Amino acid sequence: MSIIKESTRPVFPFTAIVGQEEMKLALILNMIDPKIGGVMIMGDRGTGKSTTIRAIADLLPQIQIIKDDLFNSHPTDVDLMSDEVQEAICQGRNLSVDFIDVPMVDLPLGATEDRVCGTIDIEKALNEGIKTFEPGLLAKANRGILYVDEVNLLDDHLVDILLDSAASGWNTVEREGISIRHPARFVLVGSGNPEEGELRPQLLDRFGMHAEIKTVKDPALRVQIVEQRNQFDQHPHVCIQQHLMKQEQLKEKIAQARRILDEVTIDFELRMKISQVCGELDVDGLRGDIVTNRAAKAFAAYNGRHNVVIEDIHRIVVLCLRHRLRKDPLETIDSGTRVNDVFCQVFN
C-alpha cells in the first residue's frame, strides 16, 4: 500500500514580489493593527493580487490557541475565546494549548450563508437537547485572514455579514430560537477587477484601506517579474531559500511594530489636521478619521518610532480616504490626486 505524504504547498515569498508597493504597505499595516479594518485591493487581472495576499500570512508568527478548539480561542484573552472555553476556565478545568500558523481562509464566490456563518443541527437540538454547531468559514478565520477574491461579485448580503463580523469581532447564528455566538476577529481582505463592477459605496466605505493596482508598464520590470515567477514555479524551495533572510527581517520588523504599537502617540495638532482633511474632502461619518489615525500609528510603529510625524500620515492618507469620497460623474481627476492635493493644502 502506498503512503501519500502530506506536503505544504510552497508560498511565493512576500519579499520577492516586485513593485505594487501600495498593496504591500496596506497589507503590512493591517497585519500590524487588524483594527484598521481590512483592505480592498482593486486592479487589473494578472497583477499579483492573490499571490501577494497569500504571501503575507507567511510573515506572521504562530498564534497560541486552546488545543482542538473550533474557533482558535486564545488561552487568556476573553475577547478571543468562545463561550465554551470561557465556561471551562470558570469551572477551573485545565485546557491544553497549542501553536498554529495564522489561519488563511479563502471564501469561494458560490459560498452559501450557512457555509460562511456556520449552522446549528436543529434535529439534534430538538431530539437530544444538545446544541451542535457546525462551524463556518468565519469560525476558521478567527484570529487570521479571510480572503475574498472577486469580492465585487459576491452577494451584497454576504459582504454585509463579513463586514459586520469583522467590525464587531463576533458571529451570531440563530435558528428556531437557538442561538450560538463565537469570536470572529479577522483581517478581511477583498480583491477585484473594477471592470467587473464596483462595490456599493456603503460597503466599500467599511473597508479600512483601499489599494489600487496597475499593470506594470516598464519592460525591464515585466521581464524581472516573469523570470522570478518562472524560477519559483520550477524550483520553489530554491527561490524561498534565496529570500529567507529578507523574509526573516520583515517578519521581525512586523513583530516589533506589533509590540510597540500601543505606545505610539499622535499629537493633537496632527489629529486636528487629519480631521480637517476629512472635512474638506466631504467624507461622510468619522470612519475616515479613525482609520487614518490608526494607520498612521501603525506606519510609525513599522518604522520603529513612538511618535507619528507628518510623513507617516502622507504615506497612508490616500489609502485610507480615496474610497470614501463622493463620486462626481463629471469629475475626471483621480481620487488619489484629490486626497493628496487637500492633504498638501492642510499640512502645507
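Coordinate-derived values only; no laboratory data. Keep in mind it's a predicted model, so treat the numbers as computed, not measured.
Between the Cα long axis of helix 156-168 and the first principal axis of the chain there is an angle of about 90°, rounded to the nearest 10. Using Cα springs under 10 Å in a Gaussian network model of the chain, which residue among Asp79, Asp218, Asp106 shows the largest mean-square fluctuation? Sorting by GNM fluctuation, first place goes to Asp218.
Taking the C-alpha atoms only, the angle from helix 335-347 to the longest principal axis of the chain is near 70 degrees.
Under a Gaussian network description of the chain, with springs only between Cα atoms under 10 Å, the residue in Ser73, Ser50, Ser168 that fluctuates furthest is Ser168. Principal-axis analysis of the Cα atoms of the chain puts helix 287-302 at an angle of about 90° to the longest axis.
Taking Ile66, Ile316, Ile53 as the candidate residues, the one with maximal mean-square fluctuation in a Gaussian network model of the chain, Cα springs under 10 Å, is Ile66. Sort out for me the Cα centre separation of the stretch 155-220 from the stretch 243-307, rounded to whole Å. Here the answer is 21 Å between Cα centres.
Computed per residue of the chain from DSSP H runs no shorter than four, each worth -39500 (n - 2.57), the mean residue ellipticity at 222 nm is -13000 deg cm²/dmol.
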